[in-house]
Amino acid sequence: MTDQKPNHPSLILAIETSCDETALSILDINGLAIRSHRIHSQADLHAEFGGVFPNLAKREHSKNFLPLLQLVFKDVFSDSFDKSHLEKLPSQSADFTDTSLTEIAKNISSESSVKILKTLSREDNLGPELISYLNSIPAETFGEIRQNLHGICVTYGPGLEPALWVGISAAKALAIAFNLPLYPINHMEGHIASVLSTAGANVGSTVSENKSPAENSVESNKIEVQFPAIALLISGGHTELISIENWHAYSLIGKTVDDAVGEAYDKVARQLGLPYPGGPRVSALAEKYRQNKLNKQQENANPTQSPEELQEKIDEKFTLPRPMIHSKDLNFSFSGLKTAVLYTIKKITDNNSRELTEDEKIRLAYEFEEAAADVLIAKTKKAIIDSGSSSLLIGGGVIANTYLRKKFTELASELQIDLHIPEKDLTTDNASMIGLVAALQIRAEMPGIMPSAEAFEHIVANGNLSL
Ligand code: KG4
Ligand code: ZN
């Protein structure tokens, strides 16, 4: 079946549930403009496990999906929405049988309802609640949503499979409900496309769960990426260098052989007694060291005696390796760096016979960040030079890091290439980046998958999906 709607619908609904963020967005395909951007983070819930706990993530995604769907619809279609339907969740746990469905069916036919319930059968009450909600939307508004939506897109990997399944099943259910094509999207391609959010209005600082639709929207996006380009993806699960010939034409040219850089930040944070997610906390400590050093330098502008010799002795104890920095390939290794931090802690605390002092923690965080930055910069530089690339795109949670942003800005100016980094709010997992990939696909006339049992059977979660 093909899309038969008349007036070129221009919106796409995007869904992302690959890890611990439940996220939904609506984008305008034409201007690559974000019309609604909503995220519910579970980070606090997972903190006590020291990482993301897959089955808890799955349960939370199921619980949060519908309230977020209501919000994004409200953001974009609010004028015609009867708001009384939006403030509360539909009645809980309705006992849906085929007969009751036929009786209450309004926007959703009983045939579609059966398919939706089957699709969402493993997601607690999401199936019945979704049908109940969709049927509670005034028919005119439901028609308006369908008229304006071109399709639904969803992350199908990589990520935690139980978590991915919630988004995939919900996306299939919505595709059935609105009879729209579905676009399965690679999460890592989303991180690459997230750089497209930097153009036009300042998305990063305006997009928020609590902002109005007007504040959340970006009018147009005129970003141009010069190819060939190199993408560096740095997150809690990935450290990858990708060569990009053009949108949708990627090849993986380097990756971590063990831990991802974000994972190393998180593990070092734990060693320093800091809670998950540790990246921003380690980085804040490192920044403190830089600031202290700067202050000291200013104080000692005219030192009577040089403290350098003494400093060198202290430095020796804290010096960390730069794993694989001179290897001929473009791969990374961060596990050794994390272990080196562990040994250093043992050494300076006399085999853990005492706690680290605050100054030592600050110093270690700084040394770790410098080592990680040196390796990331060296390998990325090599990739750019080897490939003769004109642009560098960086995505993933770790590029929220202010110091790394500064270092990569310096690298780009040294190599005289364009640097594209997403606004900070779009570095961590979100649905807008997934919508941006789908929008690029639609603009390139790549087809989505129309709802049918046979076609949808092939759309499955792929935890290890690569580019
Ligand atoms: O992309 P992301 O939100 O999730 C995935 O892993 O896919 O990345 C999360 C990772 C975590 O490891 C977190 O510690 C790290 O990004 N991170 C940072 C910073 N902010 C987040 N690492 C270093 N510095 C930061 N400011
Ligand atoms: Zn991610």
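Derivation of every value follows stated rules applied to the coordinates shown; laboratory data play no part. Just so we're clear, the structure is a prediction, and the values are computed from it rather than from any experiment. Cβ coordinates were reconstructed from backbone atoms using ideal geometry, including for glycine residues, and neighbour counts include every protein chain displayed.
What the table below lists for this structure:
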{"quantity": "Subset of Lys296/Lys328; Lys347/Lys382; Lys293/Lys328; Lys338/Lys424; Lys63/Lys379 violating a 32 Å alpha-carbon distance limit", "calculated": "Lys296/Lys328; Lys347/Lys382; Lys293/Lys328; Lys63/Lys379"}
{"quantity": "Cβ crowding within 10 Å averaged over residues, with 63-74, 173-184 ranked highest first", "calculated": "173-184, 63-74"}
{"quantity": "Charge dipole (debye, nearest 20) of the range 334-388; +1 at Cβ of Lys and Arg, -1 at Cβ of Asp and Glu", "calculated": "260"}
{"quantity": "Charge dipole (debye, nearest 20) of the range 279-418; +1 at Cβ of Lys and Arg, -1 at Cβ of Asp and Glu", "calculated": "360"}
{"quantity": "Neighbour-count ranking [beta-carbon atoms within 10 angstrom, fewest first] of His46, His191, His8", "calculated": "His8, His46, His191"}
{"quantity": "Net charge, Leu174 excluded, C-beta distance under 12 Å - Lys, Arg +1, Asp, Glu -1", "calculated": "+3"}
{"quantity": "Neighbour-count order for Thr380, Thr339, fewest beta carbons within 10 angstrom listed first", "calculated": "Thr339, Thr380"}
{"quantity": "Hz values of 3J(HN,Hα) by residue in the range 387-398 - Karplus curve (6.51, -1.76, 1.60), Gly and Pro given as x", "calculated": "8, x, 6, 9, 9, 10, 10, 10, x, x, x, 5"}
{"quantity": "Packing-based order for 409-420, 276-287, using average beta carbon neighbours within 10 Å, highest first", "calculated": "276-287, 409-420"}
{"quantity": "Of Ala438, Thr344, Ile377, farthest towards positive along the dipole that unit charges on Lys, Arg, Asp, Glu beta carbons give the range 326-467", "calculated": "Thr344"}
{"quantity": "Most to least packed among 434-441, 38-45, 449-456 [average Cβ atoms within 10 Å]", "calculated": "434-441, 38-45, 449-456"}
{"quantity": "Net length gained if the chain between Gln291 and Asp315 were fully extended (0.36 nm per residue, minus Cα distance)", "calculated": "6.9 nm"}
{"quantity": "Amide H partners (placed H, <5 Å) of Phe332, local residues excluded", "calculated": "Lys255, Thr256, Val257"}
{"quantity": "Cβ-derived FRET efficiency at R0 35 Å, Ser452 paired with Ala139, nearest 0.05", "calculated": "0.90"}
{"quantity": "Sites Ala444 and Ala47 - FRET efficiency at Förster radius 60 Å, r taken between beta-carbons, to 0.05", "calculated": "0.90"}
{"quantity": "Formal net charge of residues neighbouring Val195 (Cβ-Cβ distance under 11 Å; K, R +1; D, E -1)", "calculated": "-2"}
{"quantity": "Test item: Cα-centred dipole of the range 384-449, Lys/Arg +1 and Asp/Glu -1 on Cβ, debye", "calculated": "120"}
{"quantity": "Contour minus Cα-Cα distance for His326 and Lys406 (0.36 nm per residue)", "calculated": "26.5 nm"}
{"quantity": "Rg over Rh, two decimals, the range 245-402 (C-alpha only, Kirkwood Rh)", "calculated": "1.02"}
{"quantity": "For Met446, Met324, Met433, order by how many other beta-carbon atoms lie within 10 Å, fewest first", "calculated": "Met446, Met324, Met433"}
{"quantity": "Mean projected area in nm² (Cα convex hull; one quarter of hull surface) for the range 318-420", "calculated": "7.3"}
{"quantity": "Dipole axis of the range 5-49 (+1 Lys, Arg; -1 Asp, Glu on Cβ), positive-most option in His40, Thr17, Leu27", "calculated": "Leu27"}
{"quantity": "Spacing of the two label points (7 Å from each Cα toward its C-beta) at Asn30 and Lys424, in nm", "calculated": "3.4"}
